[in-house]
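The values are calculated or read from the model by the stated rules, or taken from the named source; none is laboratory data. Owing to the predicted nature of the structure, the values given are computational and were not obtained by experimental measurement. Note that each Cβ is placed from the backbone with ideal geometry, even for glycine, and that neighbours are counted across all protein chains shown. Areas reflect the complete protein model, heavy atoms only, side chains present, ligands, DNA and RNA absent. Shrake-Rupley method; radii C 1.70, N 1.55, O 1.52, S 1.80 Å.
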Amino acid sequence: MEMLFTKYFEVGSMVLFGVGFMTLLLHNNLIKKIIGMNIMDTAVFLFFIAKGYIDGREAPIVRGFHKGVEAYVNPVPAALMLTGIVIAVSVTAFALALTVKIYEKYGTIELDEIMKMRGD
Amino acid sequence: MKNTILKEVSKIVIPFIQIFSIYIIFHGHLSPGGGFAGGTIFGASLILYRIVYGKGDAQKKISYKRLMHLMCISLIFYGVLKGYGFITGGSYIDLFEIPLGTPGRILSGGYILPLNIAVGIVVAMVMYLFFTLFYEGEV
Amino acid sequence: MKKLIAILLTGILVSILLVGVYDLPKFGRADNPVNNEVAQRYLKKGVKDTGALNIVTGIILDYRAFDTFGEAVVLFTAAVAVLVVLKREDS
Amino acid sequence: MEIFSIIMILFLIGSAIAVSAIKNLLGAIIAFTVYSLVMAILWQQLNAPDLAITEAAVGAGITTLLFIFTLKKN
């Protein structure tokens, strides 16, 4: 139970992942589903960045002179997640384009009505 | 749009947004920022121009042909320049190599500054393309 | 019924993930296994190798530059795909 | 810093639940914008300013724009 107060970033990102997953499962609307997918993305990014943090150190930008290895936080998770943010944007844009096309064809974006129209 | 106040205000605001984005791209190796953030802000300024001035004026400045040319040329430029850097760096071939310079100046860091500019151009054009396709269905 | 199953599934998933979090090392310590020799190598020699004061930029545009190239290609491909899907025919 | 981070995480979970609970689609998109912006502040707290600047420009700017124009077409 005291884990909730020492590892609050990790616990928070896992709960956010669960909330995004529930949004993905519960709603019929396609736009709500895409927002849920985005929430799951950012929860995973938050978990990675929290793993790279070290108490009492500063951001990995050298100002003035190099203060040694023990003065900066871990730069590798930040470099990896910077890639992930941009990929998340392109996935979102493509999913929204497909949503626009689905609306033009069926006239609705509720998933169960689309299923009823298709007959399965 | 026929709103005069909006046009006059955006005529003042858009150059400041663009200069801020160019500052972020050019200081990408000295301070937080870089190609992705600066390119997105530059794309936002183009989007503002498109919303305020409409389709006709925007297509004169940024036509579909020019946009695609810029994107493809910067992507190919990125690949060729970094491929050349990988060949020359740390090998025994005596080809020309950009010097690293003193850290802390703007013109330093070897290939990082031109690569940042290429990434910024690609990101800005992609954001503008997304927006116009969602807004009116044509570039 | 469907909502109940969804909530139950999410509860099971989150509890499994929280059990996983319970076994992780403590938050914010310098001797965690995340901070291994890779990060220390980048921090120690990053400025001398790349010439960039921002070490994150040094990693994404010098050490792992082809990773960023693939990312730019993904952005370009997404733009072309949206162009194909969404461009109007009549214009 | 610790208290501030905990408050921000609770606010983040609250806005994520609000996205799921609000029936109006425009309201849900605005709640998602708030979520992105609070996430950018949290990354600044975790000493990753590059990510914070990118998320504030991309997540709270362009993604919201795309969602709202998709909603306008429907």
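Only a single item in (1) assigned to a loop (DSSP other than H, G, I, E, B); (2) open to solvent by less than 20 Å² (accessible area, probe 1.4 Å); (3) among the aromatic types (F, W, Y) is not met by A:F65, and it is number (2). Quick one: would you say B:Y64 is open to solvent by 80 Å² or more (accessible area, probe 1.4 Å), modelled with pLDDT of 85 or more and of a type in the set (S, T, Y)? Criteria met by B:Y64.
Within the range B:90-112, can one find any residue that is of a type outside the set (D, E, K, R) and in a helix (DSSP H, G or I)? Scanning the range B:90-112 turns up at least one residue that is of a type outside the set (D, E, K, R) and in a helix (DSSP H, G or I). Per the listing B:G33, B:G43, the residue uniquely within 9 Å of another protein chain (Cβ to nearest Cβ), in a helix (DSSP H, G or I) and open to solvent by less than 30 Å² (accessible area, probe 1.4 Å) is B:G43. Taken over the range A:31-59, the criterion of being open to solvent by less than 20 Å² (accessible area, probe 1.4 Å), β-branched (V, I, T) and part of a helix (DSSP H, G or I) is satisfied by A:I31, A:I34, A:I35, A:I39, A:T42, A:I49.
Of the numbered criteria (1) surrounded by 14 or more Cβ atoms within 10 Å (Cβ to Cβ); (2) at pLDDT below 90; (3) of a type in the set (S, T, Y), the one C:T10 fails is (2).
Tell me yes or no: at least one residue of the range D:44-53 is open to solvent by 20 Å² or more (accessible area, probe 1.4 Å) and charged (D, E, K, R). Within the range D:44-53 (the criterion being open to solvent by 20 Å² or more (accessible area, probe 1.4 Å) and charged (D, E, K, R)), the answer is no, since none of the residues qualifies. In this structure, C:V56 does satisfy being of a type in the set (A, V, I, L, M), in a helix (DSSP H, G or I), open to solvent by less than 20 Å² (accessible area, probe 1.4 Å) and facing chain A (nearest Cβ under 9 Å). Quick one: in the range C:69-91, of everything that is β-branched (V, I, T) and facing chain A (nearest Cβ under 7 Å), which residue is most open to solvent (accessible area, probe 1.4 Å)? My answer is C:V74. Give the residue that is surrounded by the fewest Cβ atoms within 10 Å (Cβ to Cβ), with candidates limited to residues of the range A:1-30 that are in contact with a Phe, Trp or Tyr (Cβ under 7 Å, 6 or more places away or on another chain) and assigned to a helix (DSSP H, G or I). Ranking the qualifying residues of the range A:1-30, first place goes to A:T6. Looking only at residues of the range A:4-49 that are in contact with an Asp or Glu (Cβ under 9 Å, 6 or more places away or on another chain) and at the interface with chain C (Cβ under 10 Å from one of its Cβ atoms), we find that the one that is modelled with the lowest pLDDT is A:Y8.
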